[in-house]
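What follows is a short report on a single structure.
All of the numbers you see were taken from the coordinates with simple rules; none came from a lab. This one's a predicted model, so the numbers in the text were calculated from it and none came from an experiment. Positions of Cβ are generated from backbone atoms using ideal geometry, with glycine treated the same way; all protein chains shown enter the neighbour counts.
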Amino acid sequence: MQISDTEILSEDVFQASGLANDFGARSRLGIYVHVPFCPHICPYCDFVKTARFTRNDVHAYFAALIRQFDFLTSSVPHHIRAVTVYLGGGTPSLFPPEMYQPLVEKISSRFEIEEFTVETNPFSNLDRHFNQWLNLGVTRVTLGAQSLAPEVLTYLGRKHTPADVIRNIESARAAGLKNIQVDVIFGIKGSVQERDVAREIELLARHGATGVSCYLLTIEESTAFRDEQNAPDESVVDEYSRILQVCERLGFEQHETSNFSQSPSIHNRLYWYGLPYLGIGTGAHGLLPASDAHPLGRRYQVGEMKQRTIPGDDSLPFRDESSRLFEIQWAEGQRSRADALQEMLLTLLRTKHGIPLQWFSAQYSEQTLLRLWQDIRLKKALEAGFILLSQTHLTLSPMEKIRGDSWALHLASVLHPSVAPAGTSI
Ligand code: SF4
């Protein structure tokens with residue numbers, strides 16, 4: 001039986017379509033806090049951030065975060081109690097943990113925090129702070145290492161050394177943090193592409209990392225890297241395959257295309273499973289929980305995006321236009337059922353479990369699903385073992401997950417024929 005639009009995000013449907021089982025945590029809302037301040041600007045980075053700010057800018061920004069949390073929380077239904085908190089950026093670890101205390105107290109007065117992550121930069125002075133992060137309630141840190149090869153760090157414009165990375169992992173471990181996820185960038189073209197990424201991941205694990213997030217370098221027009229080139233597909237696929245092998249050997253399970261760890265992040269899973277999240281702070285995106293006026297939730301973005309006329313120039317308009325940093329830009333109109341389903345196809349397909357068959361039958365008519373199972377490209381991928389069909393799930397093979405976005409577009413074009421056909425590149 002196909003469900004109605006107003007039920008699509010309900011807890012009953014989440015349970016009945018098999019998603020709750022795969023999701024496996026109590027939280028039903030994420031709180032993402034964007035801290036846009038950085039000690040320097042990395043030439044490949046397309047996030048909303050700035051390295052030009054004063055102490056007053058920072059204090060005003062932290063005060064505004066609390067006001068925005070209050071405003072957005074008024075749209076959260078009371079039955080939502082358990083949440084995850086994620087301090088991202090930018091470089092949240094640039095500031096001492098005590099600066100976040102008022103915000104964390106505010107969040108805790110309304111919600112139970114099931115998981116609390118902070119993004120850290122090995123370049124900021126972390127060692128002495130890990131105990132304080134733990135005292136603040138942090139349960140998980142991510143470390144923006146990107147590589148342990150000095151030439152790769154230089155190419156990426158990072159200011160930390162491999163020794164900084166190792167020392168920080170060990171300090172986090174010694175402080176008692178049990179969940180230490182390290183970011184790694186791969187797919188770098190040119191002389192540095194000969195790096196041994198598997199060896200780097202082994203070293204990270206040996207010193208106490210409990211997982212790695214491996215991101216493919218993408219060249220963005222608005223960055224100082226705009227004239228660099230992407231690595232060729234073959235070398236990217238080869239490097240990804242080496243990442244898969246070493247992670248399997250180390251017991252870092254592949255929870256999603258880019259995410260390998262001993263235990264997966266609940267906060268990331270919220271995004272993957274289509275659950276709502278409050279984005280707070282300039283540059284953050286959010287999806288408000290379903291309401292009568294917006295039965296499929298409401299998307300928004302915080303802050304008016306700066307016109308970036310000079311690639312790599314990331315100064316934010318703190319002084320004259322500070323209020324615009326926190327203006328909420330609501331997505332126009334209501335979120336459609338097709339949009340919501342296509343977004344979920346895109347994220348679910350990248351996950352370890354893939355898409356529950358129960359979810360397909362809850363969301364699509366028999367006739368539509370017949371079209372899916374008769375699709376030639378899908379049939380060939382099933383025969384070749386690129387896609388796996390069990391009694392309960394449709395799942396991309398570990399290696400095929402690198403083409404997850406392309407597959408999601410293809411499935412969406414079959415299930416929602418108004419969508420343009422997908423490309424086939426990685
Ligand atoms: S990569 Fe991280 S540290 Fe570098 S500019 Fe971007 S947000 Fe800042």
Based on Cα positions only, what radius of gyration and what Dmax would you give for the chain, in angstroms?
21.5, 61
Based solely on its DSSP helices, what 222 nm [θ] is calculated for the chain when runs of n ≥ 4 H residues each add -39,500 (n - 2.57) and the sum is averaged over all residues, nearest 500 deg cm²/dmol?
-10500 deg cm²/dmol
Please list, in order along segment 144-154, the HN-Hα scalar couplings obtained from phi with the Karplus expression 6.51 cos²θ - 1.76 cosθ + 1.60 (θ = phi - 60°), rounded to whole Hz, x for Gly and Pro.
x, 6, 6, 5, 10, 9, x, 5, 6, 4, 5
Scalar couplings 3J(HN,Hα) for segment 108-123 by Karplus 6.51 cos²θ - 1.76 cosθ + 1.60 (θ = phi - 60°), nearest whole Hz, x for Gly and Pro, are 5, 6, 10, 10, 8, 8, 7, 8, 9, 10, 10, 7, 10, 10, x, 6
Which loop GluC sites (Glu not before Pro) in segment 225-259, with loop taken from DSSP, have no more than 11 other Cβ atoms within 10 angstrom of their Cβ?
none
From phi via Karplus (6.51, -1.76, 1.60), per-residue ³J(HN,Hα) for segment 85-92 in Hz, x at Gly/Pro:
10, 9, 8, x, x, x, 10, x
Trypsin sites (Lys or Arg not before Pro) within segment 215-259: DSSP coil, no more than 14 neighbouring Cβ in 10 Å:
Arg226
Counting lysine pairs in segment 273-414 that sit 8 or more positions apart or on different chains, with Cα atoms under 23 Å apart, gives 5
Can you find, among Val13, Ala331, Val58, the residue sitting farthest towards the positive end of the charge dipole of the chain, where Lys and Arg contribute +1 and Asp and Glu -1 at Cβ?
Val58
